[in-house]
Each structure stands twice: as structure tokens, then as C-alpha cells.
Amino acid sequence: MSELLRCENLTKDYGGFRALNGINLSLESGKIVGLLGPNGSGKTTMIKILNGLLTPTAGKIYINGHEPGVETKKIVAYLPDNIYLGTWMSVKQIVDLFTDFYADFRPDLAYDMLGRLGISAEVKLKTLSKGNKEKVCLILVMARNALLYVLDEPIAGVDPATRDYVISTIINNYNPQASVLISTHLISDIEQVLDEVIFINNGNIVLQKTVDEIREENGKSVDELFREVFRW
Amino acid sequence: MEWELDKNRPICPQLCELLCVQIANGELKPNQRLKSVRELALLAGVNPNTVQKSFEQLERQGLIYSVRGTGWFVGETTEKAKETVNEIIRKKTAEYLDEMRKLGLDTPTAKKYIEEWDTDE
């Protein structure tokens, strides 16, 4: 296992508001990690910096030794928290786009996963239900042969069956060289699948532990501990 | 076989326990091949690393063994599994009796409750 992600004193200010307050963090390969925090805690800010969509005010972030840029975009597969694809496009057009765009994209795997859901390649994205649109987006991300998968709120706003689908897709595509970082506030649904959790609040990391350590030390689930830590 | 897991206890020992019970009660036979790490992770809805850790722990206890490049297999004998399950049962019984003591019941009285327990209840 090697270090895949490192943050050093990572800080982000929006005007006078400090969204990330000098975060230090290290993630290894081969892990499924939950980035957990209430709304406005800094989860999406951190993920956007990781993907080069925002620049930090201070501090550094390294993905496999590189700062966000061309090199890291090759190895990071990112699922944003909203649908960013042109909904006028057909599934096939989107798959073709991803094939052109990412050298590590596996169209055969994408079609295989789409076929299992009964989503035809000819159908236009806008005619799909919200749940199916989100599944297509997840499939596109998971069909890459990336080193770091970053999923921003992949299970928010989907029905329980879709949630199960998302979770089994993540397990199915697990590989020991890669890591998956999942941000969510719906902890109870996902904690069994996580190796490690990171609690983030007001731009600070308040805890980084394995799920079994948390259960062992506290005699309660991560979900319950979360509710205690973030009670207000 | 159901993979019902308690949300408040660590997952790894729970997987070990469930597999141990399956070996002890003959659901898994000696030298039978176990499901792969990924299959079991999907089935139980847990992290593949946790399944791997559970297998390694059961291997250390001598309950299962691994064949390089092939997978994991149930051990030759099931004695050790039965012993382990027995230990768990004794521990749970002790916990139960402890709970009853807190309710003011001594062990003979608690026994009487169990004897009179209607299984339909």
C-alpha cells in the first residue's frame, strides 16, 4: 500500500469565510474512505480542490505525488454532486465522449453495467429518470481504471434500491491499487462498506479512524457517533 | 444464510463468528471452498478488506486455510469451530445471566424462566 493522497495545511478562504482550516491528511491505496460531515463542513470544497476546480488559499494537496493538474486528472475519477453531462446526448454519445477523453476508460465495462440495468445505448439522457441518470453518471466514473475515485454525495436523493446498487457497484469495482473517497451525510447506509472514516466539521478534521476502531472503542455505530459529535 | 450484522459492533469479529457457526453446524463442509472475498463482500454488503481480514483471522485460528491463487477452504476438521462456537454460547449465557442479576433474578430463577418459556411466545 502506498500513499495516494496527502494534504498539508490545506486552507481555503471564501472572502472572509474560512471553509478549510489547515487540513492535514493522508490516504493510502486500497481503501474505501468516507468523508463525513454536516452540510457546509467543507467536504465539497476539499473535493473540488482535489479535482483542480478550486485553488487552495494556502497549503498543498498531492495526489500520487502530483499537485492537481493534467497528471492527476488522468488518475482521478470524479463524480460531482450534480449532473454535469449534456442531457441532450444519448448514452452512446456520452460513452464515446468518455472514451475520447480518458485513456483509462473501459467502454466495454460501461456497456456491460448499463446493459445489466436495462439502459439502452440509444436512449437520450434527458428521457431517463433522475435515479437512472445518476446511475449512468456513476457507471461512467466507475468504468475508468483510475487510482482514486472521488464520489461526492453518490447516495443522496436516490431510493433505497438505487442506494444498494451504488454500494454494490463500489464493492464490485474494488481493486487494491485504487482508493475510493465517498462524501456523504447518509452514514448508516454506507458505513459497513467503509474501511476508514474522516469526520470534518467547520473546515477541520475532527477524527480519522477505521469503522471497526470506532465501533470497538465506542460500542456504537459510526452513524450514532456522528450524531453525538455533531449534535447542536 | 443471512448476513445480519449488528451496527454497534465491529464488523470483522461478526463475520468471523458467522463463518465459524457455518463451519460448526456443517453448512460449510471440511475442505469446501469458501466464497471469494469479493463475493462475500457483496453478499454481506461489507468492505472487501474486512472480509480479507476475517479470513486471515480464521486462518490464524486454524479454522480455514488458503491455497495460493485458488482461494480459501474450510479446514480438515470442524472441532476447533465447534469449540469456538461453544465459547461464544458460554459468553452470551454469562451475559444473559448478568442481565437477569441486574433485574434481581438469581441463576436458578432465571433457569425457571427459560424452562417455562413457551417457544410460541
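Averaged over its residues, how many other protein chain Cβ atoms are within 10 Å of peptide A:188-197's Cβ atoms?
Shielding by partners across A:188-197 averages 4.
Can you tell me what percent of all Cα-Cα pairs in chain A are more than 31 Å apart?
Across chain A, Cα pairs with separations above 31 Å total 21 percent.
Hey, quick one: spin label on A:Lys220, modelled 7 Å out along Cα-Cβ, who in segment A:34-49 has an amide N within reach, i.e. under 19 Å?
Within reach of a label on A:Lys220: A:36-39.
Using r as the Cβ-Cβ distance of A:Val70 and B:Arg68, and R0 as 41 Å, what FRET efficiency do you calculate, to the nearest 0.05?
Given R0 = 41 Å and the Cβ-Cβ separation, E is 0.55.
Cα gyration tensor of chain B, axes a ≥ b ≥ c as square roots of the eigenvalues: rounded (a/c below 1.5), prolate (a/b > b/c) or oblate?
In terms of gyration-tensor shape, prolate.
Pick from B:Gly104, B:Gly62, B:Gly26 the residue whose mean-square fluctuation is largest in a GNM of chain B, springs joining Cα atoms under 10 Å.
Looking only at B:Gly104, B:Gly62, B:Gly26, the largest GNM fluctuation is found for B:Gly104.
Quick check on segment A:134-232: what does the Kirkwood estimate of hydrodynamic radius come out to from the alpha carbon pairs, in Å?
For segment A:134-232, inverting the mean 1/r across all distinct Cα pairs yields 14.5 Å.
Given a cut-off of 21 Å, name the pairs among A:Lys220/B:Lys80; A:Lys31/A:Lys209; A:Lys43/A:Lys209; A:Lys92/A:Lys133; A:Lys92/A:Lys130 whose C-alpha atoms lie farther apart than that in the structure shown.
A:Lys220/B:Lys80
Once fully extended, how much extra length lies between A:Arg6 and A:Asp104, figured as 0.36 nm per residue of separation less the alpha-carbon to alpha-carbon distance?
33.0 nm
Hey, any idea what the orientation-averaged projected area of the convex hull of segment B:11-79's Cα atoms comes to, in nm²?
If I average the Cα hull's projected area over directions, I get 4.1 nm².
R0 = 56 Å: FRET efficiency of A:Ser129 with B:Asp106, Cβ-based, nearest 0.05?
Plugging the Cβ-Cβ distance into 1/(1 + (r/R0)^6) gives 0.35.
Of all DSSP beta bridges located in segment A:3-229, what percent are antiparallel, nearest 5?
Roughly 55 percent of the DSSP beta bridges within segment A:3-229 come out antiparallel.
Readers should treat all values here as calculations from the given coordinates under stated rules, not as data from a laboratory. Please read these numbers as outputs of a predicted model, since none were measured by experiment. Quick reminder, even Gly has a Cβ in these numbers, built from the backbone with ideal geometry, and neighbours come from all protein chains shown.
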